[in-house]
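Heads up: the structure comes next, in structure tokens.
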Amino acid sequence: MKRFSFYTFFVSALVLLLAPELLAADQSGEAISGLALGSGIGIGIAAAGGGVGMGRMVASALDAVGRNPGAAGQIQTPMIIGLALIESLVIYALAITFLLQNKI
């Protein structure tokens, strides 16, 4: 059942990511509703993925510090760098969303 839900999520995410290409207007200047849909859903997926990734990283780091408190200094720096990299990916998604919104 878990595998079925993963595949269902993957296929639905793929369909939603292709929504701008499927619903985009042609060169005649019609309204582009697919870009608005795709950019809104895209930033939502990026923010949710970033939040889940950050939560798992911090939980693992706290678990490691709880098991070995002496290694807290060695765990904290890579954790903060990893959190910054995850956050930068979400900011890139936000920038792409703004670029897509300017085309509407």
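Here are some notes:
- When each of the peptides 79-91, 42-54 is scored by the mean number of other C-beta atoms lying within 10 Å of its residues, the order from highest to lowest reads 42-54, 79-91.
- Accessible surface of L16 - all protein chains present, 1.4 Å probe, nearest 10 Å²: 70
- When only alpha carbons of segment 56-104 are considered, Rg and Dmax amount to 16.4, 54 Å.
- Of V11, V65, the order by accessible heavy-atom surface (1.4 Å probe, DNA, RNA and ligands excluded), from most exposed downward, is V11, V65.
The values are calculated or read from the model by the stated rules, or taken from the named source; none is laboratory data. What you are looking at is a predicted structure, and each value in this text was computed from that prediction instead of being measured. Backbone-built Cβ (ideal geometry, glycine too); neighbour counts: all protein chains shown. Side chains are part of the model used for accessible areas, which takes the heavy atoms of the whole protein and leaves out ligands, DNA and RNA. Shrake-Rupley method; radii C 1.70, N 1.55, O 1.52, S 1.80 Å.
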